[in-house]
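A quick write-up on the structure given underneath.
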Amino acid sequence: MPDVLEVRWHGRGGQGAKTAAVLFADIAISTGRFVQAFPQYGPERMGAPVVAYNRVSSTPIRLHTPIERPDYVLILDPKFIGKRNLTAGLSPRGTVMVNTPRRPAEMRQALNLPGATTVCCLDASRIAEDTIGRNIPNVPMVAALVKILQLVTLEDLKDFVREQLEKKFRGQPDLVKGNLEAVDRAYREVERG
Amino acid sequence: MTKTEELTAQGSGTGRSERVFNTSSGWKEFPPGGVIRGGANSHHFKTGEWRTYRPRHIEENCIHCLLCWIYCPDLAIVARDGKMLGFDYEHCKGCGICAEECPTKDKAIEMVAEPEEESGI
Amino acid sequence: MGSEVLAQKETRYRALSGNEAAAQAMRQIEPVVVAAYPITPQTEIVQLFSNFVSDGLVRTEFVPVESEHSALSAVVGAASSGVRAMTATSSNGLALMFEILNIASGLRLPIVMTVVNRALSAPINIHCDHGDTMGVRDAGWIQLYAENAQETYDNLIQAVRIAEHPAVRLPVMVAVDGFIVSHGIENVEMLDDQTVKTFIGTFQPDFSLLDPDHIVTIGPLVLQDSYFEIKRLQVEAVEAAYQVITEVGLDFEKVSGRCYQLVEEYRMEEAETAVVALGSTAGNFKEVVDQFQARGVPVGLLKLRVFRPFPAEQVRRALARCRAVAVMDRAHSLSGQGGPLFTEVKAALQGTGFPAGSMVNYVYGLGGREITLEMAQRVVEDLQKLAKGSEGDQVLPVNYLGLRE
């Protein structure tokens, strides 16, 4: 985990890109770091492209500028590939994580990424369908990012997610359980290439 | 304090203004926000000079029904112990409602032109 | 920090958006009345606060109204009855309040309002600029500008004390950059509820319309003979605010450890050039100042936390040693003279011998146009040219940063 980390999330309205950025910020802040989570605002429509950002730092964050050179790019919907410039500004030594059933080597080719770039794949939609019954891939993607960054241990992450979701989904224990299972699977299944 | 001022102040149990300021006061004497403290201060505003006709009380016709006291919009009828005593000319605007409402056949109130020399204030 | 897995540790921070921070401050202040009308990007404040009301976390009377004009009118009514009353708005909502803004300040009511800055129509736009609060800068309200979510929270709590101080008794608006701060999630350290309650104390109103034993008349007709005197009296309150804001800031530091003054001088000790800014952009310039100082360029930042009353004395003192100054305006006053902050800084430096040509204005960020680090760096580079005064390196008095030509 570097001292300063800048992350960009690409998703669609309804996939929870903004929620992912917020959840990631919540986890990072629990480790004593300084965080920012902010979406790029526009008209909010189900299905429309959504971009959200995170800054994480070991020192207080003073910047209120857009993130132009992210270290990590997370793609919640692989259908954007080839249609939008998803890796704009990404450092060649950066990391791309894609929600896809395919392998990192294929994604590297599809996104035309240099060898120095780390490519991670996770079938987050499959996991979401299996665990919460809906294609909302944000929680598994956050869990995979936390694992790749080694931000917190799986146990700590699950404790944290449980605590957050129990507040948010009061009276829906199945949803909490499903999401925790999603975290578990994402942590195990994310493939780094 | 004149007799009429004393009488008008009796209408309210709220006490007088804590401080009197007027159009000759300097800015430091004004209350913040122009908030006027204390009620029953409208007697400071002498509306009597608006008058061009003034009511005159004709005592021998008066039955002390006090309809004039009820109708007067400026509390300018001076009454005590159920008796109509006269007018508060500092505040009477000369509207003539009292004369209009006076029920006696021979009116106990009539409006007369305001004298030029002596305004009554 | 290495790549090792860090154990979770206790943090004193919470991840809150600027709007959440404002709503939490309002919860802790627990005004007797809140009347508000939702408008983007302030909506979340009203929504969260009404949740606090329905969840029984506050005993506040929440008045949903049909417009911002009504919202502030209801708050004026509540404050006139001698209780704490708050509201929040943005942009066109603030513009609709204009009549009542002047009534609140003219009646000397200590109302506190969050204004989430948003560009005024037309064209319609929901994003940040300071056109709204700058448009009401002479409405008699104290204006505090927050750099981030933490300052939003801290300024709101201090605003209560400032507004209610017997020497001031003026309404205070806390300006927060729309979306950039209002919707961005950041570290915020909250005080505990009791600390806030103790800090703000009990409101001691000057009068109450609901007290039959101490009758008052408010809002009497005051014509040519006395209006001027009452307005002059209001100037005294504005003058008193300088000291009160400073004192409240010192008191706040005792309970929070965070220091607040009229202005924040960032690395100004040796600065020969300076950027003047307010709101979230100040943080960007702190970053850029560090970059340039690391290269030996003596540039500093003067952040204005308070715009009304204008801290002219502090501005003069801070800029006295500078040879060139860039003033950042996130609003255009369409005056032909540059932005409102620029004209105020110029007026403050009038008579100090500061050469007028060494002061330049950058209008930026209108309608939410982003300000990037490169843009901020360009401003500092321009300043160095200006300070050298070399021929051919002229900088226009008024510049538009981030505008497509």
Candidate cut points under trypsin sites (Lys or Arg not before Pro) in the stretch A:145-193, DSSP loop plus at most 12 other Cβ atoms within 10 Å of their own Cβ, are A:170
Quick calc: nm separation of the 7 Å Cα→Cβ label points for residue C:377 and residue C:352 -> 3.0
Can you check what the net charge comes to around residue A:157, using other residues whose Cβ is under 12 Å from the Cβ of residue A:157 (Lys, Arg +1; Asp, Glu -1)?
-> -3
According to the square roots a ≥ b ≥ c of the eigenvalues of the Cα gyration tensor, what is the shape class of chain A, taking rounded for a/c under 1.5, prolate for a/b larger than b/c otherwise, and oblate for the remainder?
-> rounded
Shape of the stretch C:13-102, Cα gyration tensor, a/c cut at 1.5 = oblate
In the stretch A:4-192 the accessible area split gives carbon plus sulfur, as whole percent at 1.4 Å, a share of 48
Under a cut-off of 16 Å between alpha-carbon atoms, report the aspartates and glutamates in cross-link reach of residue A:167, not counting same-chain residues fewer than 8 places apart.
-> A:26, A:159, C:55
How much length is gained if the chain between residue C:83 and residue C:394 is pulled fully straight, taking 0.36 nm per residue apart and subtracting their Cα-Cα distance, in nm to one decimal?
-> 106.4 nm
Just add up the charged neighbours of residue B:50: K/R +1, D/E -1, any other residue whose Cβ is under 12 Å from the Cβ of residue B:50.
-> 0
Taking Cα pairs under 8 Å and at least six residues apart, what relative contact order does chain A come out at, in percent?
-> 21
Global size of the protein assembly as shown as Cα Rg and Dmax, reported in angstrom | 33.0, 119
Which values of log₁₀ I(q)/I(0), to two decimal places, follow from the Debye formula for the stretch C:14-256 at q = 0.12, 0.15, 0.17 Å⁻¹ with a uniform point scatterer at every Cα?
-> -0.62, -1.00, -1.31
Of the DSSP beta bridges with both residues in chain A, give the percent that are antiparallel, rounding to the nearest 5.
-> 55
Roughly what would the spin-label model give for residue C:12 and residue C:294, points 7 Å off Cα along C-beta, in nm?
-> 2.8
Formal net charge of residues neighbouring residue A:85 (Cβ-Cβ distance under 13 Å; K, R +1; D, E -1) | +2
Identify all aspartates and glutamates with a Cα-Cα distance to residue C:286 below 13 Å; exclude those on the same chain that are fewer than 8 residues away in sequence.
-> C:147, C:264, C:265
How far is the Cα center of the stretch A:2-72 from the Cα center of the stretch C:226-290, in Å?
-> 31
The stretch A:91-190: Rg/Rh from Cα coordinates, Kirkwood Rh?
-> 1.03
Taking R0 as 30 Å and r as the Cβ-Cβ distance between residue C:67 and residue C:138, the FRET efficiency 1/(1 + (r/R0)^6), rounded to the nearest 0.05, comes to 0.85
Expected vector for the stretch C:25-35, Karplus 3J(HN,Hα) from phi with 6.51, -1.76, 1.60 and θ = phi - 60°, integer Hz, x for Gly and Pro, equals 4, 5, 4, 6, 5, 6, x, 5, 10, 10, 10
Scan the stretch C:1-108 for trypsin sites (Lys or Arg not before Pro) in coil per DSSP, keeping those whose Cβ has at most 14 other Cβ atoms within 10 Å, and list them by number.
-> C:9, C:12, C:59
Placing +1 at every Lys and Arg Cβ and -1 at every Asp and Glu Cβ, with all other atoms neutral, what dipole size does the stretch A:31-172 have around its Cα centre, in debye to the nearest 20?
-> 280
What residue among C:125, C:361, C:19 shows peak mean-square fluctuation when chain C is described by a Gaussian network model with Cα springs under 10 Å?
-> C:125
For the stretch B:35-68, state which chymotrypsin sites (Phe, Trp or Tyr not before Pro) are in a DSSP loop and have at most 13 other beta carbons lying within 10 Å of their beta carbon.
-> B:45
Quick one: grab Rg to one decimal and Dmax as a whole number for chain C, Cα atoms only, in Å.
-> 21.5, 76
Using DSSP, restrict attention to beta bridges with both residues in the protein assembly as shown and report what percent are antiparallel, rounded to the nearest 5.
-> 45
Roughly how tilted is helix C:227-256, in degrees to the nearest 10 and between 0 and 90, from the longest Cα axis of chain C?
-> 80
Which value in nm describes the separation of the simple spin-label points at residue B:113 and residue B:70, placed 7 Å from the Cα toward the beta carbon?
-> 3.4
Pop the C-beta distance of residue C:231 and residue C:316 into the FRET formula with R0 = 30 Å and round what comes out to the nearest 0.05.
-> 0.70
Going by the alpha-carbon gyration tensor, a ≥ b ≥ c the square roots of its eigenvalues, is the stretch C:29-82 rounded (a/c under 1.5) or, if a/c is not under 1.5, prolate (a/b greater than b/c) versus oblate?
-> oblate
Counting only protein heavy atoms and leaving out ligands, DNA and RNA, the solvent-accessible surface of residue C:290 at a 1.4 Å probe, in Å² to the nearest 10, equals 40
For residue C:98 and residue C:385 in one chain, what is 0.36 nm times their gap in residues minus the Cα-Cα distance, to one decimal in nm?
-> 99.1 nm
Consider just the alpha-carbon atoms of the stretch C:268-405 and return their Rg together with their Dmax, both in angstrom.
-> 13.7, 38
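The values are calculated or read from the model by the stated rules, or taken from the named source; none is laboratory data. For clarity, every value in this text was computed on a predicted model and none was experimentally measured. Backbone-built Cβ (ideal geometry, glycine too); neighbour counts: all protein chains shown. We work out accessible area using only protein heavy atoms, side chains counted, and drop any ligands, DNA or RNA first. Shrake-Rupley method; radii C 1.70, N 1.55, O 1.52, S 1.80 Å.
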